[in-house]
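Here's the structure we're looking at; comments come further down.
The values are calculated or read from the model by the stated rules, or taken from the named source; none is laboratory data. Note that the coordinates shown come from a computational prediction; the quantities given were computed from them, not determined experimentally. Cβ sites come from the backbone with ideal geometry, for glycine too, and all protein chains shown count toward neighbours.
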């Protein structure tokens with residue numbers, strides 16, 4: 001039990017060290033830290049208004065300059081952080097302070113909001129569920145909101161949850177193309193928050209399967225699965241907790257870059273973030289409970305084994321005593337007190353019958369005492385069996 005707690009604490013400490021970026025001691029402020037395996041940046045420009053929308057891939061950041069002062073909304077999406085020169089030029093084009101560029105480029109950063117004179121910088125954490133297996137991709141997304149433009153910087157181009165937003169712009173669905181850049185920011189933030197729900201739904205099913213596995217047949221692999229789920233839920237908690245606070249600061253503190261009408265929509269986004277955090281906390285409690293159930297199941301299984309061995313030993317102790325007494329073979333010719341039963345005609349059958357009778361009496365005695373009942377089996381409660389699935393339905397109903 002103590003070893004299990006120490007292993008869990010060590011896993012959480014290691015996860016905490018890997019969650020956020022920290023600078024090397026003595027490094028210059030604004031130093032960009034580019035990972036060696038980071039993919040090269042791909043810059044996609046989407047410019048739209050109520051009547052038209054264009055999308056193109058640009059090769060240099062300088063090609064975005066004519067769109068920054070236009071009356072239409074320009075969404076510059078940078079996917080990949082593998083070229084420091086392009087990122088530096090991107091900071092010059094958008095007039096980003098070196099410290100802001102550092103926050104946007106260096107990963108992973110803690111989700112936060114920084115309001116500057118003509119720009120609003122937001123660091124968010126996006127999760128995307130993996131296909132065909134349990135788990136998720138975690139990626140940092142940086143937002144730079146200007147007057148008529150929005151710059152987004154993603155870690156890599158393979159996974160994101162913005163495709164539905166791109167389709168709404170392309171097909172002119174809803175009111176997105178009638179709004180300004182701050183509404184686009186809200187839409188992308190809402191997509192990021194909603195991206196947590198499919199991930200949590202998968203983990204709800206995993207926890208439900210683990211409940212049945214822990215009760216029916218727990219193994220060492222079951223313990224490893226519980227550890228993996230607890231660590232993943234801890235990662236989700238570290239992502240959504242500061243993100244909820246960042247959205248709340250947008251609503252509470254206000255910004256000149258966000259209109260009052262969009263701030264109302266951000267309240268709905270904040271409610272979704274609170275729902276995600278509640279689900280994460282609930283699943284973490286269920287995972288912690290699974291650990292207790294696992295330890296109890298293993299302990300009960302060991303108790304059943306010890307009880308079986310105790311019953312067998314208790315039955316054979318008197319039989320061993322009788323066999324030991326009559327195995328001493330004292331000579332009856334020397335004295336009539338030296339085990340006269342050894343010369344009886346029916347001595348051997350009578351001894352076996354006596355041993356069998358003693359064994360039967362002990363079995364009846366143990367049975368009446370309830371020693372043969374299995375107390376380690378947990379009854380299947382159909383009302384609580386699908387508890388994890390019921391939790392997954394709560395967020396669907398709350399969003400209707």
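List of remarks:
Table: residues versus (1) modelled with pLDDT of 90 or more; (2) touching a strand residue (DSSP E or B) at 6+ places or on another chain (Cβ under 8 Å); (3) closer than 30 Å to residue 170 by Cα.
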site	(1), (2), (3)
65	yes, no, yes
72	yes, yes, yes
81	yes, yes, yes
99	no, no, no
108	no, yes, no
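- Whether a residue is at pLDDT 90 or above, in a helix (DSSP H, G or I) and touching a helix residue (DSSP H, G or I) at 6+ places or on another chain (Cβ under 8 Å) was assessed, and residue 238 passes this test.
- Selection from the range 148-174 of residues that are in a loop (DSSP other than H, G, I, E, B) and surrounded by 15 or more Cβ atoms within 10 Å (Cβ to Cβ): 148, 155, 156, 157, 159, 160, 161, 162, 172
- Counting only strands (runs of 3 or more DSSP E) that fall entirely inside the range 27-122 and contain at least 3 residues that are without any contact (Cβ under 8 Å) to a residue 24 or more places away in the chain, the qualifying elements are 53-58.
- The number of residues in the range 245-264 being surrounded by fewer than 18 Cβ atoms within 10 Å (Cβ to Cβ), out of contact with any strand residue (DSSP E or B) (no Cβ under 6 Å at 6 or more places or on another chain) and assigned to a helix (DSSP H, G or I) comes to 9.
- In the range 316-340, the residue that is nearest to the chain's Cα centre (by Cα) out of those that are surrounded by fewer than 10 Cβ atoms within 10 Å (Cβ to Cβ) and in a loop (DSSP other than H, G, I, E, B) is 327.
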